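Notes for the one structure printed next.
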């Protein structure tokens, strides 16, 4: 069953797009990440122009994170205060990221910057998480004490910096400076790579700030919805690259997938959850690393030159 | 595909010294794209008229139909090894490349005409791509970029050549079928027909057809272009609405 996409200017198979939306939505709902880093390469692989792929999948992220956020609100698993601080830092980071994006493009090295950033981010974040998971697994298996539970007064030194705030839902009390710094970095990377940055935020909140897993997913989705809403409108205004038909198909597939994903995520044990997320990130990082280092079958590529008005 | 070809429209004019006149007609001058568009094909018909004084040619006629899609500014990049990684290094620009190029001939082009004429008149896929003005030449060998360009475009089904694509129904009437894949972009398409006999061009015609979005597809395209902010906000609203609906439907916790 084929349908013609008015902005991408090509027909696609409806069922295939619905299935892709559902699959990415499942992963997104399960881990509290946007899933943009999975959807964009899939769409480009189908032959959809990269600009349209990047712009349109933001609509799907908006839809699936709306569902997640509403669910989190009902379960009281959203730290609105922490989320707002993250959004604030993220917006500043986005502006810097957009500026760096333009600078890299002028230098003609944008592709390289993007692929290298992908590889480093995914490998580092995934590797750290995997290491942590495996260590946890071994201590559990040997009957030793699991990671000591966090006790009051036992905090990392950077949380003692000035401008301290109390985040009740996240059981976190400390300086907002490292939190803003993290948000800034995520906003920067997100704007540069066209991703929401949930995959950096989830492990960072889990490991650096020791926020409870249930709150992490809701709060991360809250930040994602804010940044992707802005990105969606900006893409429509600046690039006219949002395909509403493709967006609808992805959304319909995605919202269902996200529901089942969220349910599956809640039934997962916390250590398995972290292990799976680590494997997913490493796999994506590895894929980009291979793209960079393996001798390509076709050394040539063709692209429409961007002409600026 | 609607065959309105019974009405042959006079489009070509023979050069004064040669007595053949070429008349061509397309089955459709405006191809509409709607939501179930998956490519189309257009028939081209042609007739060769001789005035009374012209002697019949012993070798018979040949035709080459060249279809050119909307022009695009394309870049071909080549990856090469830098240390452990493969990077895009060299590139070649193709500033006026047609998005779609289809050559339909009645016989293999090498049999129809000479190499020199083929190159000069840009007859055939290779002659068009090898033409000096096809790339922004940097004065060095860009052969491999032209080869890669053709290979990549052919793989997408956008550049094709069929040496038996035009058939003569009678010695003076021919037809050819131009098939447009679904990914051929909307825009204006030029159809050039060259008539040959004894390796020389006797007459040429140029006609056009248009590939346009219609109905819903057209309105969406216009909205995205002319009402950008509203279009973006509307898409965002739909996304939020669907997300909310799903959370209501699945409300069980």
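Each reported figure results from applying straightforward, stated rules to the coordinates on display, with no laboratory input. Quick caveat, the model's predicted, so the values are computed rather than measured. Note that each Cβ is placed from the backbone with ideal geometry, even for glycine, and that neighbours are counted across all protein chains shown.
Counting only alpha carbon atoms, the long axis of helix A:176-193 and the longest principal axis of chain A meet at about 20°.
Largest first, the extents of the alpha carbon coordinates of region B:20-213 on the three principal axes equal 72, 44, 22 Å.
Sorted from largest to smallest, which semi-axis lengths in Å does the alpha carbon gyration tensor of the protein assembly as shown give for its equivalent ellipsoid, taking the root of 5 times each eigenvalue?
Numbers: eigenvalues 683, 122, 69 Å².
For the protein assembly as shown, the semi-axes come out at 58, 25, 19 Å.
Taking the longest Cα principal axis of chain A as reference, the axis of helix A:14-31 is set at about 20 degrees. Taking a ≥ b ≥ c as the square roots of the eigenvalues of the alpha-carbon gyration tensor, region B:93-193 is classed oblate because a/c is 1.5 or more while a/b is no larger than b/c. With a cut-off of 19 Å on the backbone N, no residue of region A:10-50 is near the modelled label site 7 Å out from residue B:251 along Cα-Cβ.
Work out the mean other chain Cβ neighbour count within 10 Å for the residues of B:172-185 and drop it here as an integer. Write down the numbers at each step before the final one.
Details: counts 0, 0, 0, 0, 0, 0, 0, 0, 0, 2, 6, 5, 2, 3.
Per residue, the average neighbour count from other chains is 1.
A straight line joining the Cα centroids of region B:71-90 and region A:34-73 runs 28 Å.
Across chain A, Cα-Cα distances exceeding 30 Å account for 33% of all pairs. Based on C-alpha pairs under 8 angstrom that are at least 6 apart in sequence, chain A has a relative contact order of 40 percent.
Would you mind classifying region A:36-128 by shape? Square roots of the alpha carbon gyration tensor eigenvalues, ordered a ≥ b ≥ c; an a/c under 1.5 is rounded, otherwise it is prolate if a/b is larger than b/c and oblate if not.
Prolate.
Within a 10 angstrom radius of the beta carbon, how do B:190, B:51 rank from fewest other beta carbons to most?
With the fewest neighbours first, B:190, B:51 line up as B:51, B:190.
Per-residue Cβ neighbour counts within 10 Å put B:110, A:64 in the sequence B:110, A:64, beginning with the fewest. For the pair region B:141-189 and region A:269-298, the centres of their Cα atoms are 40 angstrom apart.
Per residue, the average separation of C-alpha pairs within less than 8 Å and at least 6 apart gives region B:20-213 a relative contact order of 34 percent.
Could you put B:113, B:40, B:21 in order, starting from the residue whose Cβ has the fewest other Cβ atoms within 10 Å?
Numbers: B:113 23, B:40 17, B:21 20.
So the ranking, lowest neighbour count to highest, is B:40, B:21, B:113.
Nearest 10 degrees is fine. How inclined is helix B:143-155 to the longest principal axis of chain B, computing both from alpha carbons? Around 70 degrees separate the two axes. Only helices enter this figure: runs of n ≥ 4 DSSP H residues, each worth -39500 (n - 2.57), summed and divided by the residues of the protein assembly as shown, yield -16500 deg cm²/dmol at 222 nm to the nearest 500.
Peptide B:121-129 has a mean of 0 when you count, residue by residue, the C-beta atoms of other protein chains within 10 Å of its C-beta.
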